[in-house]
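Every read-out reported here was derived from the displayed coordinates using simple, explicitly stated rules and does not represent laboratory data. On a predicted model such as this, the values are computed, not experimentally measured, just so you know. FYI the Cβ positions are ideal-geometry reconstructions off the backbone, even for glycines, and counts take in every protein chain you see.
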C-alpha cells in the first residue's frame, strides 16, 4: 500500500479533474433543459468525492513519481477514469449494464468510437455531448491534459506524458518544460477544433451537432449523434469538411504546433510521416474508388469517390464515422481500410494503431537486412528523411510490431473461441485495438457492438485500452519484474 | 620572416616543412613532445612544448616580434583563441587559423578584428576534398586548379598516344579547336621543364599544363589523350575527416562506397551519409574488395592517415582491377617514388592544401596560389596595381614583359572577361594575371614584378 499511495494520490487528482470536465455537459443540460442534469449531478458528485477521498487518504506519503509509478498511474488513470466517465450514462440509462456503460466510456476515451447504444438520435443532448467530449479528451490524452493543468506533477509528468503519447520517440520536447509542451499541444488542438466546429456550422450543422462531430473528428473518435452516423446528413459538404479535419488530426500535432509557431508550412514538408500518411491514404482512396466503380457498386465514379473517400479516410485514420454500409462492398476494400487503420496515422496524432513512423522504420529495417545479405560488411543506419533512427529505437519498434501482431492474433482467437465468426472476430479486434470503431459483419458499419456477449465486450474493452496505451504501458504491468521489490 | 606555427600535426608539420625551405624562422608549438622531436630532427626550426593558446607559452615562443601566426591545432577553439591573443596581447600583424567546423565558417563575422581577429581561415581538409573532387570529375587529369573565381582552370594531363595533338606542334591546336582558346603554360618531359613554344611537338608521356575556360577543359583534354570512360563508381578507403567529406561531396553525383576500419566510426558515418554505402572492414582486405566488386570501381581513393595502408590498399585495388587509384601519401619520398607507377596519382596532403596559405604569405596582391608538381612549381593569379610608370607590366604587351626564365603568363582576367595570353595582349591596371612558375627559386622575382612600389625604387 505504501508503494501505491503516491500513485493513488495523483490518481485522485486526475479523478477530480474528470469531475470538473463534467461541468460542460451539465451546463448544456441546464441550458437546453434536456432532463439529464440529474445524471451529471450524481456523476460529478460521486467522481469528485471519490477523487478527493483518494487524495486525502494518501496525503501523508507524497513523493516524486518513479518511472515505474508512471506506467502504473497511466494505466490506472485510464481504467479508473473510464469507470467514472461511465457514471452519467449509468444514471441516465437504467437499462444499460455496467459492462456496456464501461465499454461505451472506454470507446469514448480511447477514441475508438464503437458504440453499444442504440437510439443515439433520441438521447439527451448533454449525454451525447459527454460521449463526444470523451472522444475529444481521449484524443490528445487525458494525462496530457492533466500535465498541462497541474504543474505540480513535476518531474513525473514527463514519465506520464511518455506513457500516454503515441509514437516510438517520445523524448523530444517542444519546450523545455513538459507543462508548456502539454499546454501548447492543447492550444493547437483547441484552435483546430474551433475551426472544425465553425466549418461544420458553415455547411449547415447546428451548434450542437457541429460541436459533437468536431469533437469526434479531432479526437479521431468517431462517435456520432445518430445511429446512421454521418450518413444521416447525406451531405457531401459535411463529409468533405470532416475528411479534411480527420486528415489534419491524423498528422503529428507537433508538426501543427511548429507550423503555428513559425507561421509557415515548412514543418509539413519536413514531416516524412505526414507525407507517407497522406500519400498512402489518398492513393488508396483513388484506387479503391476506381475499383468500386469498375465492379459497378455505384453507377458513377464520383459517387464511388465520395463514399469510398469518406469511409476510407474515416477508418484509415482510426476515426470511425460511417456514411454508408460499406460492408456491402467487395470485401477487398473494407479489409484494406481496416489494414490502413493499423498502419497509416502519424505518431503524436489522435489516431491509433502501429503508427506510420513504426511502419516506415520496420520497412526500412527490412530493406537494411536485405542489403546486408548483399554487402555483409555494410554499416547502415535506418533513416527517415534526414533523421537517423537509433538502433535502440529500431529494436523497440520491432518489438512493438511483434507485440501488436501477437496481441491481435491472441485476442482474435479468444473471440473465435467464444463462437464469433472469423471476419467479425478479426475485424472487431482490429477496430478496437486501432481505436478505429466499426468492424465488419456483426460489428460492421450497419450494426454496432451491442450484439456481443458481456465477455466479448470485455475483450474488446481490453483491446481498446491496450491499443490506446500502445501496449507497452499496459503490458509492463503484467510482468513479474514490474512488481519485484 | 618570423613565423610561429601552433600544432605539429599533419598540417602543421607539412606547413613547417614547406615554409622552412623558403628562408623563414619557424617556431612550432605543440603539447606532444614526441611529434616536436621528430620535426626538429628533420628540419631546421625551433620547437616548444606547451598549450598553444596560453599567453606564457606564446611569449616564450617569441611571439612578441613574430610577423605571422599560423594556428593549425586540431581544435578550432584553440586556434581562434590563439589568434585573438596574438592580436590583442602581442600585436602580431598577420594571423591565420585552421577552422575545421563548417559552423564557424558559416559565420564570417567571427573572424573580424573586433572578434577573433583571424586574417585568414583555412580548412586543409576542405582543400584536399576539393582537389580530389576535381580529379574525380576529370579522371584523365593529374591536377586541376581554379583561377578567376572558377572561370579559368589549369589542368595537368599526361599526353598519350591516341590524343590527336600528340606528335604534332602546339600551334596546330588552334586549327584543331578553332572555336576555343587555350594556352599551354608548361610541358614537363621526363621531369624536366620545357618552355612551350608554338613549334614544340607534344610527345607521348609529356606532362602538359594548359589553361582554358572552365567549360572548354574537356575538349582540350581530349586533344592530349583518349578520354577515359566517365566515372560513376567511387570507392573510398578510410572514413576520416577527408574520406567523410569527400563521400558527402560525391554521394549525390556518384555511387560511393566507403570502407572504414573502426566499427564506431563506421556507424557514425552511416548516420551522416545518406547515400553512401558504408562498409566496416580493412581496405587492405582482398576478400572485402572482391566482395564489393572492386574490379568495377572507376576511381579508388585511399585516404586513411597511414601512408603504408594507403599504398598497399591502392596497389591491391589496382591489381584487382580498379580503373584508377589515388593514394594520399604524406611522405614526400614515397610520393616521388610512386606517382605514375602502379598508383595513378600519389597525392601529398600538404601540397594539396597549402594553396590558400601561400596566397596569403606571398608578397604582392595574390588572389590564388596553387602548388604544382608536389611543391616544385607554382601557378598564381596576381593583381597588377599602379600605373605605367610604377609597374613593369602595365601598358606592355605580354611578349615585351621581362619575365624570369621559364615563367609564362597563361591568361588575363579583366573585369568579367577572360583573355588567353597571346603575345600581343597589353596588360592594364587591375588586371588579374595568371602565371606559371616552373621553379620555386624564381618566386621572389615574380613577387617583385607585382609590387608596384619596388619598380619605382
Could you work out the mean projected area of the convex hull around the alpha carbons of region B:148-206, in square nanometres to one decimal?
-> 4.5
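Neighbour counts of other C-beta atoms within 10 Å: give me B:301, A:319, A:460 arranged from fewest to most.
A:460, B:301, A:319
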Would you calculate the separation in nanometres between label points at residue B:396 and residue A:290, each defined as 7 Å from the Cα along the Cα-to-beta-carbon direction?
-> 7.6
Give me a single rounded figure for A:367-377: the average over its residues of other chain Cβ atoms within 10 Å of their Cβ.
-> 3
Antiparallel bridge percentage (DSSP; both residues within region B:30-166; nearest 5) = 45
Highest-first arrangement of A:429-435, A:107-113, where packing means the average Cβ count within 10 Å | A:107-113, A:429-435
Equivalent-ellipsoid semi-axes of region A:166-259, from the Cα gyration tensor, Å, largest first | 29, 13, 11
Provide, as a two-decimal number, the C-alpha radius of gyration of chain A over 2.2 N^0.38 Å, N being how many residues it has.
-> 0.94
Only bridges with both residues in the protein assembly as shown count here: give the DSSP antiparallel percent, nearest 5.
-> 55
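Round to the nearest 0.05 the FRET efficiency obtained for residue A:398 and residue A:234 when R0 = 41 Å and r is the Cβ-Cβ distance. Numbers along the way, then the final one.
Details: r = 45 Å, r/R0 = 1.09.
After rounding to 0.05, the efficiency reads 0.40.
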Note: probe point = Cα of residue A:335 + 7 Å toward Cβ; backbone nitrogen < 19 Å; residues of region A:342-360 passing the test are A:342-344
Going from the alpha-carbon gyration tensor of the protein assembly as shown, what semi-axes, largest first and in whole Å, does one get by taking the root of 5 times each eigenvalue?
-> 74, 32, 26
Taking every residue in A:382-391, how many Cβ atoms of other protein chains lie within 10 Å of its Cβ, on average?
-> 2
Distance from region A:1-61 to region B:59-96 (C-alpha centre basis), Å | 70
Ratio of Rg to Rh over chain B (Cα coordinates, Kirkwood Rh, two decimals) = 0.97
1/(1 + (r/R0)^6) with r = Cβ-Cβ of residue A:275 and residue A:366, R0 = 22 Å, i.e. FRET efficiency to nearest 0.05, evaluates to 0.65
Can you tell me the FRET efficiency between residue B:263 and residue B:168 if r is taken as the Cβ-Cβ distance and R0 is 51 Å, rounded to the nearest 0.05?
-> 0.40
Which log10 I(q)/I(0) values, to two decimals, does region B:233-348 give at q = 0.10, 0.16, 0.17 Å⁻¹ under the Debye formula with one point per Cα?
-> -0.24, -0.64, -0.72
Average other protein chain Cβ within 10 Å of Cβ, residues B:289-296 | 1
Relative contact order [Cα under 8 Å, 6+ residues apart], chain A, whole percent = 17
